[in-house]
Structure formats: structure tokens, C-alpha cells
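So the structure is just underneath, and the comments pick up after that.
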Amino acid sequence: MKPDTPLLDTINSPDDLKEFAPRDLPLLADELRQVIINTVATNGGHLAPCLGVVELTLAIHYVFDTPHDKVIWDVGHQAYAHKLLTGRRERFHTLRQHQGISGFPKREESPYDPFDTGHSSTSISASLGIACAKHLKGDPARTIAVIGDGSMTGGMAFEALNQAGHLDRNLIVILNDNEMSISPNVGALSSFLSRKMTGKAVTRLKRDTEGFLKSFANVGENILQFLKRSEGSFKAFFTPGMLFEALKFEYVGPIPGHQVETLIETLRNVRDFSHGPVLIHVLTTKGKGYGPAEKHPGDYHGVGPFDVATGLPLPTPQAPPSYTKVFGETIVELAAQDPRVVAITAAMPAGTGLSDFTKRFPDRFFDVGIAEQHAVTFAAGLATEGMLPVVAIYSTFMQRALDQIIHDVCLPNLPVTFAIDRAGVVGDDGPTHHGVFDLSFLRFVPNLLLMAPKDENELRHMLHTAIFHPGPAAVRYPRGCGLGVALDPELHKLPIGKGELLKEGDNLLLLPLGNRVGPALEAAAGLEKLGISAAVINPRFVSPLDGDLICAWAKRCGRVLTVEDNARHGGFGSAVLELLSSRGLSGQIQVRLLGYPDHFMEHGPQEILYRIGHVDLPAITAAALELVGHKA
């Protein structure tokens, strides 16, 4: 049932919002929350992060002149209220649906989205770039970065803070802190101090006093430094502001994040009277306004469809265990056998399937925060001391640590295993989260063993192979359920660089990788009914390829069709072409590559994206028929 939203229904842009009295905004916040809850309950999405910033979003758009003033949401999964207030209210029901609005800020979607986001810790860097460009152009507009305490664990955020303090440009950073525990009295006092100390009179007094004291050469400077130290000591006793002031930011806060009038007053003071970089520390409650999400914010960070009344997921048909679950169970099994096995993740223990590992082996589990680069080099350090680290990170986030993979793991040939979850298209989160480049950016790295399982049982054996391999190894596997195959009770090591012939044939060789093996086998069965004999090989290894097996069957069939859940450029198919060329077979064999084209895949259900990307069963069948010259 559509919620009753009489206030929200009048808002088509932030200009409409400014017609409201501040005292009416809490009612509008309630309406925003109801729309967000009901839409996410139907479509799935990021619930708890969005509910926590509703009042903050209202205050930002109430005070600042967007889109002239620029607001960059770090990661962007908390931007649903922002979308509702900036002209996308009538399309909000299409959130994360195929051809609907994105779940993240997107420049092509709205002028109120000045920067595409989806990965964490980027907002301050982007905002600083925008602020510097505005300074060069003489544009007085403000630039605001909204970053969560989780994203602040990323080193890139501190790199940007460091430069911002040095450049001294007009930049506002809002730290959305939903984890820090501060008692009400201290929080109220800090809020009062911060709001009043940003006011016009106090700001002018501080500036005039500094100018007066600096006129007295060394003596005045010494007095000024003493006063600053005294003020700093007092503020540091109540707040963590000294960290940011050391980076040359003016620190404001912490202030309560769900009191709209307080937020508006603070933002107005900063807008009107602050110069240079300012950090506003806002305390919020993740999941605010929806009981289940407030009680279990981690469980409601990203959710599928659920029942609003109970908060429980909607029933789904019985399905096989996910690849993520099988990974988590297998690594626990391997860690129980060998005390050298340790697990590392970047702020996603549940998402990567490591929750059970954290309970069973707490001393051997490391969550490094949103710091993928550090995670990889940290693992390299562990490996130099004889440990067997497993780094579990989504494919799209592993992109951030390519230099560390090359320089710190593969160059010294250290035994680090990369468990690359969410490889291939992932669905409704869209292009920022699709893992369709890992084959392309990993297969060229020397010393790295690179594998992709055809099913969840093979995943288990690949993990065993990778962890006990004497050098670096990576296993990439998709989002979603496995095929429901039986799991072998005993794990064994796969022969390195050896593929698996699944079906013999004479007219065509199908080379599907990973989760494309199943559709390729179905295609081969369908082709057989048309009188076309197709061989099917499960390559297992992308690096090293089983050159002997592939080339032998390529020569026998004369035609090769590769299929991968990855970008076509530089991926598995390209590796096969290189192999055939190196064996002098390029001119003898017809080759067709199926993979994602040279553009970013949009958001939508995986099955639709497989179809659009021409890597599903009908596409494999059509390409095979075309390759053998079969006329329909």
C-alpha cells in the first residue's frame, strides 16, 4: 500500500523544500522514511544507511543552493532521501529495477548528482577537486562531502583530508558517524559549543583577535599559540576534533544528527561564517525510524524484499547454498585442519561468508576496515612469516588493490589466496559493483594462479588448491546460488593448469568459464539435436591455461567459442586467442568470443544482464550455429 505523503507530494526540487518552516521538517522526515521503507521492502536495496541520514539530507538541501552548491555522497548507498527530494519522487518506485533509477548517485540521471559514486572513501577527493576548480573559476559555490565513519577507515579519505588542509580551500566535510558512543550530556554540550562557536560574532572575534596578536611579532604569536592550545585541550576533552584540526580543518561537533533545526543552524553558520576546510561531525542512528533496522543495522544494510510489518525476508523458493556460503564453510574446514590459515576482509565479514570463521577462529580473523590496499599488503606480511592468508573481497573492490597484488604479493611470489566473490554481473547494484574486469586485470600478472569453478563443489577443491599452493592464487566465483550439486566430503588438490573435458565433439569446441559451463553444456545438448557435435571443456584455470588440451580439441573441431562472465576485452577469450597464436594455429581455427561488450553494464537482474550481454544459453546456441554455418 502506498504511504500517505501529503508533504512529500509537494516537493519536486529543493526549492520547494525551502518553502517549509523548519518545525515542519520532522513530519516530512517521517514521510521520507515511509517511502524508503516501502520501496526497499518491494525492490530490495540499502535500507539502514538511508534511514540514518534523512534529517541530514533535509538540512543540507534546506541550507545549501543545490545543484549550484555540490553535494557528494560517499559510496552513495545512503542517497535515497536525496533522490526523493531532487526531482525523482515519481520514479522512485523504479529504484534499482532494470531501466529504473540507480541505487547510487549518477551524473547522467540528475544535475543534483555531481559525481558518480559506488565505492567508498572517494567523496573528499572528488569534492576537493570540485572546490579547487570552483576557486580557479571564481565560483563562490560551496562543495559538501558526506562521508560515513566506515568510509573514513579508507586511506584515500585521509590522503584527501591531508591535501585539503594544505590547500585551504572552502570545503565542507560532513562526517556521518553512526557508530561512536557519546553520552547525552557530553553530546549536548559539544553540540552547544560547536553551534555557538560557528556564529558570526564569535567567528569575527576570533579572526580579529588573531590579527591583533599577530601584529606583535614574536610575543603575539606565542600568545596566540598558547590560546589555541588551551582551546584545543578543552575541545579534545569532549570531542575527537583534534585529529581533524591537526589536518588543518575547523572542527564542528559532534552534533545530534536527527534534530533538523540544530542541523540547519549549524550548516547555516558554517555556510556563512567559515572559511577554508571545515569538518562537521554528525551523530546518527543507522536504521533510524524502523525498529528492526535500528536493532540490527548490519542485517538491514543491504536487503532483499521483506515484509514491512515483521522485517522478515519474503519467502523464496528453496535454493541451493550460495557460493559465498560454500566458501565460508570450506575455509572454516581448512582452518580447522591447518592453524596457518587466516582470513582477512575489508569491512565485510558477513558479505564474504566469514561470519562463522570469526566465531571459530577469532585470533585468526582480521577485518581491516574499508582498506583493500592495506588488506592485500597486510596479507603479504603474514605470508612472509609462514601463515596462509585468505583475502576475501568482492571483485569490484579488489580493483582498488591491483598495485599491491602485483608488487607486494606476486612479485615476491608469496602464498596469498584471493577469494574473489561477486565475480561477473551482480544484479541491481549496477555498474559500480559488477565484477566484470577481474579476469582482464589479473590474468596478465606473473606468478598468479587464476581459477574459476564450474559449480560449488569445484569451488571447494579450488580453495584447497589455492591455499596450499606455494605461491599466489586467486579463485573468482559469482554472486548467488550454486547449482545444487553434491559436495565431496574430502577435499583434494587439482592438478595445476589442467582443464577438464566434459563432452567430446567434432564440429565445434565450446570453452565456457566458471558459471557459463552449465549453459554451455545445455547448449551442446541442444546442438546435438540439430546434428551438431560440440565438444565442451571446463578450463578451470585461466592462468595457466591448459594449452595442450585446448589446442588438441581446437585442431580437431576447427572452431572455438569462448564464453565468460567478464568483459570480452582482455579476458579469458583473449587468453585463448593468444594461446592459439603462440601455437601457430591462428589461421587454422575460427574463433568467436562471448563476453560483455566495451561499455559498462547497467543494473538489473542477473538473468536479464546475461541476456543483454549475450552470454546466456540462447546467445551461446546462436553464436555456435553461426560459427558452424547452420541456417535456421
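Since every read-out is calculated from the coordinates, none of them should be taken as a lab result. Bear in mind the structure is a predicted one, so any value in this text is a computation, not a measurement. Virtual Cβ from ideal backbone geometry, glycine too; neighbours counted across all protein chains shown.
Past the 23 angstrom mark, what percentage of all C-alpha to C-alpha distances in region 88-184 do you count?
Tail of P(r) above 23 Å: 38 percent of Cα pairs.
What is the antiparallel percent of DSSP beta bridges lying wholly in the chain, to the nearest 5?
15
Based on DSSP H runs of at least 4 residues, each adding -39500 (n - 2.57), what is the mean residue ellipticity at 222 nm of the chain after dividing by all its residues, to the nearest 500 deg cm²/dmol?
-12000 deg cm²/dmol
Quick one: angle between helix 260-273 and the longest Cα principal axis of the chain, in degrees between 0 and 90, rounded to 10, please.
The angle comes out at about 80 degrees.
How do Ile612, Ile467, Ile174 line up, fewest other C-beta atoms within 10 Å first?
Ile612, Ile467, Ile174
Report, largest value first, the span of the C-alpha coordinates of region 457-600 along each principal axis, in whole Å.
That gives 40, 34, 34 Å along the principal axes, largest extent first.
Give me the net charge for the shell around Phe468: Cβ to Cβ below 11 angstrom, other residues only, Lys and Arg +1, Asp and Glu -1.
So the environment of Phe468 carries a net charge of +1.
Quick one: pull the percentage of alpha-carbon pairs in the chain with a separation above 50 Å.
20
Between region 4-70 and region 486-526, what's the alpha-carbon centroid distance in Å?
Spelled out, the Cα-based centre of one part sits 51 Å from the other.
For Leu449, what residues show an amide H to amide H distance below 5 Å, using hydrogens built from the backbone and excluding near sequence neighbours?
Placed amide hydrogens put Ala473, Ala474 under 5 Å from Leu449.
What net charge is computed for the residues neighbouring Met398, neighbours being all others with C-beta under 13 Å from the C-beta of Met398, Lys and Arg scored +1, Asp and Glu -1?
-1
To the nearest 10 degrees, how steep is helix 323-337 against the longest Cα principal axis of the chain, on a 0 to 90 scale?
90
Convex hull over the Cα atoms of region 323-476, averaged projected area in nm²?
Convex hull of Cα atoms, orientation-averaged projection: 7.9 nm².
To test your reading of the geometry: what angle, between 0 and 90 degrees and rounded to tens, separates the Cα axis of helix 617-628 from the longest principal axis of the chain?
50
Sort all Cα-Cα distances of region 370-427 into consecutive 10 angstrom bins from zero, then give the percent of pairs in each bin up to the one containing the longest distance.
26, 54, 17, 2
Suppose a student asked you for the relative contact order of the chain, using Cα pairs under 8 Å spaced at least 6 residues apart; what percent would you report?
The normalised contact order for the chain reaches 11 percent.
Would you mind pulling out the separation of the Cα centroids of region 278-298 and region 380-434, in Å?
Each part reduced to its Cα centre gives a spacing of 30 Å.
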